[in-house]
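First the structure, in the form of structure tokens, and then the observations on it.
The values are calculated or read from the model by the stated rules, or taken from the named source; none is laboratory data. Everything quoted here is computed from the prediction, not taken from an experiment. A quick note on method: Cβ atoms are made from the backbone with ideal geometry, for glycine too, and the neighbour counts reach across all protein chains shown. Ligands, DNA and RNA are stripped out before the accessible areas are found, and what is left, the full protein with its side chains, is counted by its heavy atoms. Shrake-Rupley method; radii C 1.70, N 1.55, O 1.52, S 1.80 Å.
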Amino acid sequence: MKLLRYILFPIVPVYYGVTWLRNKFFELGFFKSTSYSFPVICVGNLSVGGTGKTPMIEYLIRLLKDQHTVATLSRGYKRKSKGFQIGKAGITASVLGDEPFQFYSKYADKITVAVDADRRAGIEKLMTLHPKPDVILLDDAYQHRKVKAGFNILLTTYADLYTSDIVLPTGNLREPKNGAKRAHIIVVTKCPNTLSETDKTRIVHDISPKSTQKVFFSSIKYADVVVSKCQEIPLGKVPKFTLITGIANPKPLVDFLTEKGLVFEHLNFKDHHDFTPEELDVFKQKPFIITTEKDFMRLNQFSFLDDTLHYLSIEAVIDRATEFNQSVVNFIASH
């Protein structure tokens, strides 16, 4: 795969030019971008792969759900349905997509969860609901320029900063680095807990934010228990297990479990992987399985895994959280 990416390097200037020109046409008004009179917050990235959008959306849900009528709107990547879909009783991950279904499973009584590949159409449909949301959280919509969110939160991982990358197909950027200028807040995610103030200063210098932009740092907090449909088990009491991951970057999870001294084999699949019948037959033979919360949303439909399948949840922990929270609250209050 790496060799192919290098071979495709001559395409990089073409991709760069097309995405740069697209952004310029939106900025100049040749392409229409819709703004809204109510708070629309976008969480996204410049890179392909996992930058921690799901934990950030959940962080915002927890921050806002008790004071506002919140809706999340996602594309619903790799779902089996089409068009606008909304979370409701009996819905499945195949209809909503695994990440929106995770939001629905955890916060159904507090928020509205919807999916639509056309974010503009999705917002219009959300605003016909009763009660209608007063805050909409857009999941992974930074490049969806037809919608002009009032507040953009751009994520970039500590181990793979967008400032050190180039556009596809050789690099991982969906658009040129200068797309970061649209962000109101930039969050460096998945930071080690040992990150020093000197390192933070260096990273901020590399990002070189505009005077109106704020840079924050966040880390992953793993739960101290694994959860199945019927039980919770402290991590320290987990037996030898099989780790199943279908996420963009499982390394932080693998490192965490290894540092805990746990014994496991790792079955690694691509992000949003659709597990085949043959793979599920293999899973049947495993006496104890731990997976991510996102993968659990797709696997828990198989009743033969009820006694063996567990997930380990995560949360985003933001440095200078009070300042971050206030920035979000101030934006909402401005409407």
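Based on C-alpha coordinates, I'd like the Rg and Dmax of the range 280-335, in Å.
Rg then Dmax for the range 280-335, in Å: 19.1, 55.
Mind listing the Cα extents of the chain along all three principal axes, in Å, largest one first?
Result for the chain: principal-axis Cα extents of 58, 50, 39 Å.
Which whole-number percentage describes the relative contact order of the range 78-177, with Cα contacts under 8 Å and a sequence gap of 6 or more?
17
Which links in K53/K190; K190/K270; K80/K148; K82/K181 stretch past 21 Å when you go from one Cα to the other?
K80/K148; K82/K181
Can you tell me how much longer the chain between F275 and H130 gets when fully stretched, taken as 0.36 nm per residue apart minus their C-alpha distance, in nm with one decimal?
Using 0.36 nm per residue and subtracting the Cα-Cα distance, I get 48.5 nm.
Of the candidates V226, V263, V115, which one comes out as most mobile in a Gaussian network treatment of the chain with C-alpha springs shorter than 10 Å?
In this elastic network of the chain, the residue with the biggest mean-square fluctuation among V226, V263, V115 is V263.
Please list 41-50, 235-244 highest first by mean number of surrounding beta-carbon atoms within 10 Å per residue.
Put in order of decreasing packing, that is 41-50, 235-244.
With a Förster radius of 30 Å, plug the Cβ-Cβ distance of L21 and K80 into 1/(1 + (r/R0)^6) and report the FRET value to the nearest 0.05.
With a Förster radius of 30 Å, E is 0.30.
With a length cut of 20 Å (Cα positions projected on each helix's long axis) and a Kyte-Doolittle mean of at least 0.0, go through the chain and give me the DSSP H helices that pass.
12-28
What net charge is computed for the residues neighbouring T194, neighbours being all others with C-beta under 15 Å from the C-beta of T194, Lys and Arg scored +1, Asp and Glu -1?
Once positives and negatives cancel, what remains is -1.
With all protein chains present, how much of the accessible area of the range 293-335 (probe radius 1.4 Å) comes from carbon and sulfur, to the nearest whole percent?
Carbon with sulfur: 50 percent of the solvent-accessible area.
Take every Cα-Cα pair in the range 1-101 and report what % of them are more than 20 Å apart.
When all Cα pairs of the range 1-101 are counted, 62 percent exceed 20 Å.
Per residue, how big is the convex hull around the C-alpha atoms of the range 207-327? Give it to me in cubic angstrom, could you?
Given the Cα convex hull of the range 207-327, per-residue volume reads 144 Å³.
Over the range 92-150, with the other protein chains present, what is the accessible area per residue in square angstrom, probe 1.4 angstrom?
Per-residue accessible area for the range 92-150 comes out at 39 Å².
Quick one: net charge of Q326's neighbours, Cβ under 11 Å, K/R +1, D/E -1?
Value of the local net charge: +1.
With a sphere of radius 12 Å drawn around the Cβ of P176, what net charge do the other residues whose Cβ falls strictly inside it have (Lys, Arg +1; Asp, Glu -1)?
Net of charged neighbours comes to +4.
Restricting to DSSP loop positions (anything but H, G, I, E, B) with no more than 14 other Cβ atoms inside 10 Å of their own Cβ, which trypsin sites (Lys or Arg not before Pro) remain in the range 250-287?
K260, K270
Which aspartates and glutamates have a Cα lying under 17 Å from the Cα of K88, excluding residues fewer than 8 positions away in the same chain?
Within the straight-line limit of under 17 Å, K88 reaches these aspartates and glutamates: D98, E99, D109, D116.
Let me have the relative contact order for the chain, percent, based on Cα pairs under 8 Å that are six or more residues apart.
20
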